[in-house]
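Nothing in this text is a laboratory measurement; each read-out follows from the coordinates by a stated rule. In this text the structure is predicted, and so the values were computed from the model without any measurement. As a convention, Cβ positions derive from the backbone with ideal geometry for all residues, glycine included, and neighbour counts pool all protein chains shown.
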Amino acid sequence: MADIIDINEIKRIAFVARLNMNQNENELKENIREINEVKDKIINRVLLINIDKDDFLPDTELTNTFREDIALPSLAREEVLLNAGKNIEAGCISVPKILGKGEES
């Protein structure tokens with residue numbers, strides 16, 4: 001079957017993840033054995049199921065759906081500023097501050 005998870009692999013992962021291993025080694029070995037049994041059962045069941053892969057493949061060929069980047073004309077600056085109302089400052093739209101100096105909301 002697939003690779004078996006063993007105590008050394010668990011210890012290595014725990015070390016890399018900086019996890020504290022509080023279980024004794026025998027308990028851990030028993031848990032790993034149970035995990036491996038369940039994993040093998042799942043793999044065996046999946047392998048026993050005969051799945052027709054054609055049911056999952058697309059009927060059409062995959063193509064690039066990205067469009068070419070084309071620059072289009074946009075609104076004139078004056079038009080945009082007309083929508084800003086009184087919130088114009090030095091030719092730009094002015095918005096209220098939402099972040100304070102170290103203040104919590």
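Residues in region 66-105 that are of a type in the set (Lys, Arg) and surrounded by 10 or more Cβ atoms within 10 Å (Cβ to Cβ): how many?
Pass one, region 66-105, residues of a type in the set (Lys, Arg): 67, 77, 86, 97, 101.
If we keep only those that are surrounded by 10 or more Cβ atoms within 10 Å (Cβ to Cβ) too, we end up with 77.
Residues flagged as of a type in the set (Lys, Arg) and surrounded by 10 or more Cβ atoms within 10 Å (Cβ to Cβ) within region 66-105 amount to 1.
Could you grab the pairs with beta carbons closer than 6 Å, sequence gap of 6+ or different chains, first residue in region 72-84 and over 13 Å from residue 94 (Cβ atoms), second one surrounded by fewer than 10 Cβ atoms within 10 Å (Cβ to Cβ)?
Final answer for the pair search is none.
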